[in-house]
Amino acid sequence: MSSATARHIEEVLRQALEPSQLAVRDDSAQHAGHAGAREGGHYTVTLVSDRFRGLTRIARHRLVYDALGPLGGAGIHALAIEARTPEEC
């Protein structure tokens, strides 16, 4: 993880969702020149948390988006999320 935004994403998700595993990858370089790249970076988030138990995929993604809050509109153009429970690893 290299960018300040990726580090901030990691900090916010650690506090909000207490994941047992978390990886944030900055994929922005793969999208250089893409029109949306001017609006923010492209990131992939993989996390494992007990908070996802009993939730649908959409509900898990909402938890992540809610945790990131204002970051979604500032610094993040695209976010790929893989959210699992410990049993799904």
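Evaluated against (1) over 16 Å from Glu10 (Cα atoms); (2) among the aliphatic types (A, V, I, L, M); (3) modelled with pLDDT under 80, Leu71 falls short on exactly one condition, (1).
For beta carbons closer than 9 Å, sequence separation of 6+ or different chains, a first residue in the range 51-66 that is under 10 Å from Ala83 (Cβ atoms) and a second that is open to solvent by less than 40 Å² (accessible area, probe 1.4 Å) and among the basic types (Lys, Arg), the qualifying pairs are Arg51/Arg60; Phe52/Arg60.
Exactly one residue among Leu17, Leu47, Leu13, Leu63 is open to solvent by 30 Å² or more (accessible area, probe 1.4 Å), at pLDDT 95 or above and of a type outside the set (Gly, Ala, Ser), and that residue is Leu63.
The values are calculated or read from the model by the stated rules, or taken from the named source; none is laboratory data. Not measured: the values here are computed from a predicted model. Here Cβ is always computed from backbone atoms with ideal geometry, including for glycine, and neighbour counts include all displayed protein chains. Just so you know, the surface numbers come from the protein's heavy atoms only, side chains and all, with ligands and any DNA or RNA stripped out. Shrake-Rupley method; radii C 1.70, N 1.55, O 1.52, S 1.80 Å.
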